[in-house]
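Read the structure below first, then the notes.
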Amino acid sequence: NYDKDDKLVNMITYKYDENSNITEMAVYNSETKLEYMYKDYEYKKVKTDSGNVYVKLKHNRYNSEGVVDTVFKWNYDENNNCTSMETYTPEGKLLTRNEF
């Protein structure tokens, strides 16, 4: 990502599994120091009329020291439509809930 003067603001890298699901996303500042990383992704395989898809269930955010600071969880209805996304502390306290 660059600002309006074409100066680097941050960089994001991604890793994927054999099913093209994200397994890791890392965000670095302009000096290439790790700011935070998302990993520990969990997916559920769902059969649809057009084939198999994977729905994201959970992942963790790690701070620059490598410690989990936020847990993200997704909820779905019986048709596998995403109904909400929640964030938690590592101890399990609910921080936010977004409903769709």
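The values are calculated or read from the model by the stated rules, or taken from the named source; none is laboratory data. Not measured: the values here are computed from a predicted model. Every residue, glycine as well, gets a Cβ built from its backbone with ideal geometry; the counts of neighbours run over all protein chains shown. The protein model used for the area step is the full one, side chains on, heavy atoms only, and it has no ligands, DNA or RNA in it. Shrake-Rupley method; radii C 1.70, N 1.55, O 1.52, S 1.80 Å.
Hey, does the stretch 87-94 have a residue that's closer than 21 Å to T13 by Cα, of a type in the set (F, W, Y) and either in a strand (DSSP E or B) or open to solvent by less than 50 Å² (accessible area, probe 1.4 Å) (or both)?
The initial filter retains those residues of the stretch 87-94 that are closer than 21 Å to T13 by Cα, namely none.
The answer is no; no qualifying residue exists.
Show the residue pairs that are 6+ apart or on different chains and have beta-carbon atoms under 8 Å apart, the first residue being within the stretch 1-19 and charged (D, E, K, R), the second being surrounded by 10 or more Cβ atoms within 10 Å (Cβ to Cβ) and part of a strand (DSSP E or B).
K15/I22; K15/T23; K15/E24; K15/M25; D17/T23
State all residues of the stretch 1-36 that are open to solvent by 70 Å² or more (accessible area, probe 1.4 Å), part of a loop (DSSP other than H, G, I, E, B) and over 30 Å from G51 (Cα atoms); if no residue qualifies, say none.
Scanning the stretch 1-36 gives N1, K4, D5, D6, K7, V9, E31, T32, K33.
Scan the stretch 86-100 and report the pairs whose first residue is within 17 Å of Y76 (Cα to Cα) and whose second residue is open to solvent by 70 Å² or more (accessible area, probe 1.4 Å), with Cβ atoms within less than 6 Å and a gap of 6+ or a chain change.
Hits for this filter: E86/K73; E86/R97; T87/L95.
Inside the stretch 42-61, can you point out the residues that are of a type outside the set (K, R), open to solvent by 40 Å² or more (accessible area, probe 1.4 Å) and part of a strand (DSSP E or B)?
At the first step, the residues of the stretch 42-61 found to be of a type outside the set (K, R) are 42-43, 46, 48-55, 57, 59-60.
Now drop any that are not open to solvent by 40 Å² or more (accessible area, probe 1.4 Å), which leaves 42-43, 48-50, 52-54, 57.
Selection gives E42, Y43, T48, N52, V53, Y54, L57.
Kindly indicate the residue of the stretch 4-52 that is polar (S, T, N, Q) and within 12 Å of the chain's Cα centre (by Cα) and also farthest from S64 (Cα to Cα) among those meeting that condition.
Of the stretch 4-52, the ones polar (S, T, N, Q) are 10, 13, 19-21, 23, 29-30, 32, 48, 50, 52.
Pick out the ones that are also within 12 Å of the chain's Cα centre (by Cα) and you get 21, 23.
Working: N21: 23, T23: 18 Å.
Step by step, filter the stretch 4-52, then rank; the result is N21.
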